[in-house]
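Notes to accompany the following structure.
The values are calculated or read from the model by the stated rules, or taken from the named source; none is laboratory data. No experiment lies behind these values; they were computed from the predicted model shown. With ideal geometry, Cβ positions are generated from the backbone for all residues, glycine too; neighbour counts draw on all protein chains shown. All accessible areas refer to the heavy atoms of the entire protein, side chains included, with ligands and DNA or RNA removed. Shrake-Rupley method; radii C 1.70, N 1.55, O 1.52, S 1.80 Å.
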Amino acid sequence: MRITVCVRQGLDGEINPFDAAAYEVALRIPDAEVTLLSMGPLGARELLLRLTRLGARRAVLLSDAVFAGADTLATAYTLSVALKKIPTDLLLCGRQTLVGDTGQTGPMLSVLAGLSPVTEVMEILSCTSEAVCCRTRTEQARSAPLPALLTVERVANLRLPSIRSRVGEVEVWTAADIGADPARCGLAGSPTRVVETKENQGGRRRCRFIPLTALPEAIAEGLARRQQPLSELLPADSTLRVLAVGEAPLPYARSVSADARVLPLSCEETLAEEIQGADVDAVLFGSDPQSKLLAARVAARLGLGLCADCTALAAEDGELLMIRPALAGSLMAKIKSRTRPALATVRTAGEREGALLVTAGLGARQALDTVRALAERFSGTLAATRRMVDEGVLPYELQVGLTGRTVAPAVYLAVGVSGAVHHIVGMQRSGTVIAVNPDPKAPIFNYADVGVVATAEELSALLP
Ligand SMILES: Cc1cc2nc3c(=O)[nH]c(=O)nc-3n(C[C@H](O)[C@H](O)[C@H](O)COP(=O)(O)OP(=O)(O)OC[C@H]3O[C@@H](n4cnc5c(N)ncnc54)[C@H](O)[C@@H]3O)c2cc1C
């Protein structure tokens with residue numbers, strides 16, 4: 001089986017954790033002939049060399065000045081041209097990178113390289129010369145005919161090299177080597193542009209501290225509080241002509257358009273046709289897995305810029321301004337698209353989580369049964385921080401945050417959670433945030449409406 005794994009070097013110089021999981025999953029496939037493919041500066045060659053010790057028989061680095069500054073569409077184009085020279089039955093890549101964290105490059109590449117996509121893969125169930133079957137975040141079994149492309153969740157840690165392993169070869173290819181059109185590569189080939197960035201102050205709240213005994217009442221109040229619909233949160237603003245694909249992104253569409261219209265969710269062929277025929281300024285998709293896959297594939301089909309996971313929109317000089325967290329949530333970026341209509345996915349999470357989510361952080365490790373019982377008492381569901389997942393205490397499916405899920409329940413109860421930015425970006429749109437932590441200075445209290453200075457163990461006093 002000829003398997004190509006797309007890997008990207010992170011800001012820390014190491015492999016992107018999602019791509020590391022994809023590489024490990026590839027190495028576990030019997031009789032896999034693995035080729036690593038990366039686009040980046042020449043400095044990435046050293047990382048690829050190290051990675052070849054783990055089992056890849058070949059590594060290719062696409063490095064050229066014309067590749068610099070590429071957005072997801074330009075990246076997908078460049079990788080797709082290189083793939084013409086790398087026979088591939090199965091392509092694996094991480095769900096997202098930590099730098100861009102859009103989750104778009106894989107699905108876009110699947111269109112440009114003619115591969116059947118399966119996204120958010122948790123496990124490969126079977127793989128034959130005809131088809132691959134996977135368990136994903138939302139489906140127990142999803143099959144795709146080969147050649148296929150899988151985007152892999154952070155479900156595995158990469159193995160360590162054995163002492164007998166040897167370093168392989170890294171071939172460096174330029175745009176000329178692969179016959180890429182420089183006008184479709186790098187900054188020149190990128191329809192989306194970051195026009196401004198600023199520190200992310202999002203999610204900060206004024207915290208009211210209460211005694212432990214008042215916690216049940218605070219939860220009940222939060223559940224009773226009417227969640228303000230998005231349409232009220234985002235002031236209506238301009239005359240842009242905007243389509244919403246499905247109902248979920250409609251409040252965002254109405255925030256920048258007096259006559260926003262809904263385009264029914266349908267297959268990508270139909271959507272691409274309707275969008276091509278519609279004289280509009282922007283098209284918005286939801287952020288559920290199906291909508292994100294559709295948006296990326298439609299954007300690649302039509303050669304349009306796509307901005308992922310917007311948390312706000314605005315209109316500027318008749319153009320759509322798309323606002324989203326960036327760089328692991330530490331910045332807010334304002335983005336415009338040179339192509340029309342501008343495409344965007346907007347944060348519409350929340351449906352799946354129900355009213356109350358109770359998140360256990362490392363501080364709750366010793367009192368997990370108490371936290372579970374508390375969640376049950378208030379008909380809530382359990383969630384986790386990455387540390388609880390990395391320690392093997394709770395499964396990855398429950399992780400909230402940058403490399404986990406994005407949630408927006410009516411009440412978010414964080415127990416033993418410190419409040420790292422990587423966690424906050426995944427829950428800052430919740431209705432009421434309540435934090436329980438014995439450290440009154442824990443950062444989580446900056447992102448909470450209600451605070452209880454107590455240990456997780458003390459919560460047992462609230463149980464029958
Ligand atoms: C690239 C990247 C991506 C990441 N992605 C994510 C992500 O998606 N999701 C995520 O959650 N993290 C993510 N992280 C990790 C994140 O930075 C933090 O390390 C993590 O969120 C911390 O988890 P925690 O709050 O459970 O643990 P800690 O930071 O260890 O905090 C534990 C807290 O428990 C409190 N405590 C101690 N004892 C008790 C007790 N008895 N009862 C109650 N509380 C107690 C402490 O005061 C402390 O505040 C990512 C990190 C990186 C670098």
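If you go through the stretch 415-435, how many residues are of a type in the set (Val, Ile, Thr), surrounded by 23 or more Cβ atoms within 10 Å (Cβ to Cβ) and out of contact with any helix residue (DSSP H, G or I) (no Cβ under 7 Å at 6 or more places or on another chain)?
Just the residues of the stretch 415-435 that are of a type in the set (Val, Ile, Thr), to begin with: 415, 417, 421, 424-425, 432-434.
Now narrow it down to the ones that are surrounded by 23 or more Cβ atoms within 10 Å (Cβ to Cβ): 415, 417, 424-425, 433-434.
Still in the running and out of contact with any helix residue (DSSP H, G or I) (no Cβ under 7 Å at 6 or more places or on another chain): 425.
Counting residues in the stretch 415-435 that are of a type in the set (Val, Ile, Thr), surrounded by 23 or more Cβ atoms within 10 Å (Cβ to Cβ) and out of contact with any helix residue (DSSP H, G or I) (no Cβ under 7 Å at 6 or more places or on another chain) gives 1.
Taking only the stretch 397-414 into account, find how many residues are touching a helix residue (DSSP H, G or I) at 6+ places or on another chain (Cβ under 6 Å), under 20 Å from Leu98 (Cβ atoms), open to solvent by less than 20 Å² (accessible area, probe 1.4 Å) and within 10 Å of the ligand (Cβ to nearest atom).
Looking only at that region, the number is 2.
Got a number for residues in the stretch 322-333 being in a strand (DSSP E or B) and modelled with pLDDT under 95? Lay out the reasoning, then the answer.
Our first condition is that a residue be in a strand (DSSP E or B); within the stretch 322-333, this holds for 322-326, 331-333.
Next cut, modelled with pLDDT under 95 only: 323-326, 331-333.
So the count comes out to 7.
Identify all residues within the stretch 12-40 that are open to solvent by 10 Å² or more (accessible area, probe 1.4 Å) and either assigned to a strand (DSSP E or B) or of a type in the set (Lys, Arg) (or both); write none if there are none.
Ile15, Arg28, Glu33, Met39, listed by residue number.
Can you tell me which of Gly303, Gly363 is outside the structural domain of Thr403 (by TED's automatic domain parsing), open to solvent by 20 Å² or more (accessible area, probe 1.4 Å) and at pLDDT 95 or above? Explain how you work it out, then say what you get.
On the way: Gly363 fails: outside the structural domain of Thr403 (by TED's automatic domain parsing).
It is Gly303.
Being in a loop (DSSP other than H, G, I, E, B) and surrounded by 19 or more Cβ atoms within 10 Å (Cβ to Cβ) is the filter here; which residues of the stretch 247-279 pass it?
Quick first cut of the stretch 247-279, residues in a loop (DSSP other than H, G, I, E, B) only: 247-249, 258-260, 264-267, 278-279.
Residues satisfying the conditions are Ala248, Pro249, Ala260.
Being within 17 Å of Ala220 (Cα to Cα) and at pLDDT 95 or above narrows it down to one of Val417, Val411, so name that one.
Numbers: Val417 fails: within 17 Å of Ala220 (Cα to Cα).
Among Val417, Val411, only Val411 is within 17 Å of Ala220 (Cα to Cα) and at pLDDT 95 or above.
State the number of residues belonging to the stretch 127-143 that are over 24 Å from Arg405 (Cα atoms) and open to solvent by less than 50 Å² (accessible area, probe 1.4 Å). Write out each step before concluding.
At the first step, the residues of the stretch 127-143 found to be over 24 Å from Arg405 (Cα atoms) are 127-132.
Okay, now just the ones that are also open to solvent by less than 50 Å² (accessible area, probe 1.4 Å), so 127, 131-132.
So the count comes out to 3.
Look at Ala65 and say whether it is within 18 Å of Gly179 (Cα to Cα), in the same structural domain as Ile163 (by TED's automatic domain parsing), at pLDDT 95 or above and open to solvent by less than 20 Å² (accessible area, probe 1.4 Å). Spell out the reasoning first.
On the way: within 18 Å of Gly179 (Cα to Cα): yes; in the same structural domain as Ile163 (by TED's automatic domain parsing): yes; at pLDDT 95 or above: yes; open to solvent by less than 20 Å² (accessible area, probe 1.4 Å): no.
Here the answer is no, as Ala65 does not meet what is asked.
Listed here are the residues, each with its yes/no results for (1) open to solvent by less than 20 Å² (accessible area, probe 1.4 Å); (2) of a type in the set (Val, Ile, Thr); (3) farther than 19 Å from Val60 by Cα.
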| residue | (1), (2), (3) |
| --- | --- |
| Pro145 | no, no, yes |
| Leu149 | yes, no, no |
| Arg154 | no, no, yes |
| Pro161 | no, no, yes |
| Arg164 | no, no, yes |
| Thr174 | no, yes, no |
| Asp177 | no, no, no |
| Ala180 | yes, no, no |
| Arg184 | no, no, yes |
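Which is farther than 25 Å from Asp288 by Cβ, without any contact (Cβ under 8 Å) to a residue 24 or more places away in the chain and either more than 8 Å from the ligand (Cβ to nearest atom) or in contact with a Phe, Trp or Tyr (Cβ under 8 Å, 6 or more places away or on another chain) (or both), of Glu391, Glu376?
Working: Glu391 fails: without any contact (Cβ under 8 Å) to a residue 24 or more places away in the chain.
Result of the check over Glu391, Glu376: Glu376.
Hey, among the residues in the stretch 418-439 that are aliphatic (A, V, I, L, M) and over 17 Å from Arg208 (Cα atoms), which one's nearest to the ligand (Cβ to nearest atom)? Lay out the reasoning, then the answer.
We begin by selecting, within the stretch 418-439, every residue aliphatic (A, V, I, L, M); these are 420-421, 424-425, 427, 433-436.
Those still in the list that are over 17 Å from Arg208 (Cα atoms) too: 420-421, 424-425, 427.
Details: Ala420: 4, Val421: 7, Ile424: 9, Val425: 8, Met427: 9 Å.
Only one residue fits best here, namely Ala420.
Anything in the stretch 440-464 that is part of a loop (DSSP other than H, G, I, E, B) and within 8 Å of the ligand (Cβ to nearest atom)? List them, or say none.
Residues of the stretch 440-464 that are part of a loop (DSSP other than H, G, I, E, B), as a first pass: 440-442, 448-449, 453-456, 463-464.
Answer for the stretch 440-464, where residues must be part of a loop (DSSP other than H, G, I, E, B) and within 8 Å of the ligand (Cβ to nearest atom): Ala442, Ala454, Thr455, Ala456.
Do we find that Leu90 is more than 20 Å from the chain's Cα centre (by Cα), in contact (Cβ under 8 Å) with a residue 60 or more places away in the chain and under 20 Å from Phe18 (Cα atoms) in this structure? I'd like the intermediate steps shown before the answer.
Details: more than 20 Å from the chain's Cα centre (by Cα): yes; in contact (Cβ under 8 Å) with a residue 60 or more places away in the chain: yes; under 20 Å from Phe18 (Cα atoms): yes.
In short, yes.
Quick test for you: out of Arg338, Arg372, Arg347, pick the one residue that is of a type outside the set (Ser, Thr, Tyr), surrounded by fewer than 21 Cβ atoms within 10 Å (Cβ to Cβ) and more than 18 Å from Pro216 (Cβ to Cβ). Can you show your working first?
Working: Arg372 fails: more than 18 Å from Pro216 (Cβ to Cβ); Arg347 fails: surrounded by fewer than 21 Cβ atoms within 10 Å (Cβ to Cβ).
So the residue among Arg338, Arg372, Arg347 that is of a type outside the set (Ser, Thr, Tyr), surrounded by fewer than 21 Cβ atoms within 10 Å (Cβ to Cβ) and more than 18 Å from Pro216 (Cβ to Cβ) is Arg338.
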